[in-house]
Amino acid sequence: MEFFTKREQIAILSVAVVILGLLGARIIFKDNEPEMADVRSLPEVEALDDDTVNEEIRPKVIMVHISGQVYHPGIFELIQGDRVVDAVELAGGLTKQADLDRINLAKKLVDEDKIYIPAIDEAVAAGIEAISSNGGSGLLNINSCTQADLESLPGIGEVIAGRVVEYRNKNKFARPEDIMKVSGIGEAKYEQIKDLITVN
């Protein structure tokens, strides 16, 4: 007894052949597939923080004190690498009495520089040591500087500078801290100027 007719047997056989063909093709193509290359991830590049970048390119600000024969003595902000001539320009320029032979206008400045521009024959006439930008201690001698120089110190105005001059005419300062004996100069004000003054 036949379960399938001849036509059904042919149909079943055809389906079986198609299935076997598909399976065979899949096996053949799988064997021929190219191997994936070994892909390695690139090392991560650490992103620079914006603050770090800005810190590297930001110019360094320095504070410089200039006094003596300039029109506006005082403390000025400049950029690291600026020169004495730049500080002189900020201070209003040199007066006619400035002794150019004893200053180096081309000298590069660094933070906390003290520049004193002496007058012509100032050391001989006043009997003091002239302090210029290319030598000396770089500090303001409170026993011999002018009242204008004293007024260039932070927190020292015309009145207090006048008291300093009046005091030293009677009693020379033995130490920089003796300036606190002058009325109007306490510990707080001395802290502002102690690194800018000297005695000799």
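Any read-out appearing in this document is the output of simple, stated calculations on the displayed coordinates, not a laboratory observation. It should be emphasised that the depicted structure is a prediction, and the values quoted were computed from it without experimental measurement. Neighbour counts are summed over all protein chains in view; Cβ atoms, including those assigned to glycine, are modelled from backbone coordinates with ideal geometry.
Summary table
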quantity: Alpha-carbon radius of gyration plus Dmax, which is the widest Cα pair, for segment 141-200 in Å; calculated: 9.8, 25
quantity: Pair VAL85, ILE10: separation of 7 Å Cα→Cβ label points (nm); calculated: 11.0
quantity: Rounded to 5, percent antiparallel among DSSP beta bridges of segment 59-198; calculated: 60
quantity: Computed P(r) (all Cα pairs; segment 59-198; 5 Å bins; percent); calculated: 2, 11, 21, 23, 20, 14, 8, 2, 0, 0
quantity: 31 Å Cα-Cα threshold exceeded, pairs from LYS108/LYS172; LYS107/LYS194; LYS114/LYS170; LYS108/LYS181; LYS96/LYS181; calculated: LYS108/LYS172; LYS108/LYS181; LYS96/LYS181
quantity: Modelled label reach - SER183, point 7 Å along Cα→Cβ, segment 140-172 residues with backbone N closer than 18 Å; calculated: 156-171
quantity: Segment 154-189-segment 75-94 distance, computed between alpha-carbon centres (Å); calculated: 27
